[in-house]
1. At 222 nm, what value in deg cm²/dmol follows for the chain if DSSP H runs of at least 4 each add -39500 (n - 2.57) and the sum is divided by all its residues, to the nearest 500?
2. Can you tell me the relative contact order of the chain? Whole percent, Cα pairs under 8 Å, sequence separation 6 or more.
3. For L50, what residues show an amide H to amide H distance below 5 Å, using hydrogens built from the backbone and excluding near sequence neighbours?
4. Where the convex hull is taken over the Cα atoms of the chain, what is its projected area averaged over directions, in nm²?
5. With an 8 Å cut-off on Cα pairs and a minimum separation of 6 or more residues, tell me the relative contact order of segment 224-339 in percent.
6. How big is D for segment 7-211, in µm² s⁻¹ as a whole number, if Stokes-Einstein is applied with the Kirkwood radius of its Cα pairs at 4 °C and 1.567 mPa s?
7. Report, for the chain, the % of DSSP beta bridges that are antiparallel, rounded to 5.
8. Report the FRET efficiency, 1/(1 + (r/R0)^6), for D222 and T70, where r is their Cβ-Cβ distance and R0 is 45 Å, rounded to 0.05.
Amino acid sequence: MTYNRRLPVYLLIDCSESMAGAAFQAVNQGLAGLIGDLRSNPMALETAALSLITFASSARQIVPLTDILTFQIPRLRMGSGTALGSALRLWVDCMKREVISTTQDQKGDYKPICFLLTDGEPTDSWEDAAAQVHSEVVGKKANLVAVACGPDADTNKLRRITDNVLVLKGGETGAFASFFKWVSASISTASQRIDGGQNITAPRLPAGVEGAQPGTGAPASDRFVFIHLRCVKNRGFYILRHEKLNAARPGAPSAYRATIAHPVDDFDFEPGEEDQSTLQVSSDLLQGSQPCPYCQNPTWAMCGKNHLHCSPSLQGVTTLTCPWCNVTDQYGAASFDVGRGVG
């Protein structure tokens, strides 16, 4: 029996809360465009097989290695955390299980290609997995391109996984679209040349995507604070992003200013390796607010069970019903510690 050799392609996509907003929408749109482009290329359609692994609080293979024609674009689910180590370990396990090896009797699949997209700081134990992938997998068993999107991805850490690191400058929506176009072109090029024994050269990088420069400094891991809220009127979930301000004086705690509220359709509340219940920030350090994206309430409050939700402006004592626990209580101005996400 003749085996139709495949070109396995793995996408490892960061779905952490720091991707909330335009970036997350651009990833969903980019995936749809990628599949559409590959389906219009006869060689890619015949040869490539695609798998999708997402990671936030944990890593999941949400689409196993599947041919392009039958690949169904899933709905991506956001979560808190950046479980990069789990994603790398899962990728290696999936390749062991899904990629057909060459034997004396039959040629197996071609060397897999992996595209890793992340915008944040790893929040799990990732170092051992990165070292194993760099020494035992990259260039030997698979090719890996790591992509840092936005100013908060640490390219120094990504270089511990692979020497092939790209940067999406600024993380703009247009850069994501260009990146997925480039991924499509790379897969198509590999599909066309792979049987000819030629060296596979990646297409020219598009505008908004560039090679990472060695020795660049690591971003601050505490640049943002994310708090999780629900709307008091329709229970819609959203994430309020705060950006770090310069400390007023040396040694003083850093304050954060609210910059944008991101509505989120589907969120994974499962805790990750880092216990999020221990991550706290004082409400005194969270300055300003942004309107609830569902009802436009101008501020937020916390109920007696430590749930956060939007709120009308508090003048004196106000009675509200928490949309998380359905408890009705009286609210007033106070200072308290707030549970925060891990980005």
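1. My calculation for the chain gives -6500 deg cm²/dmol from helical runs alone.
2. Relative CO of the chain lands at 17 percent.
3. Close amide H contacts, sequence-distant or interchain: V9, T66, D67, I68.
4. 19.7
5. Relative contact order for segment 224-339 comes out at 26 percent.
6. 76
7. 55
8. 0.55
Taken together, the values in this text are just the output of simple stated rules run on the coordinates, not laboratory data. All figures in this text were calculated on a predicted structure; none of them were measured in a lab. Cβ atoms come from the backbone with ideal geometry, glycine included; neighbour counts cover every protein chain shown.
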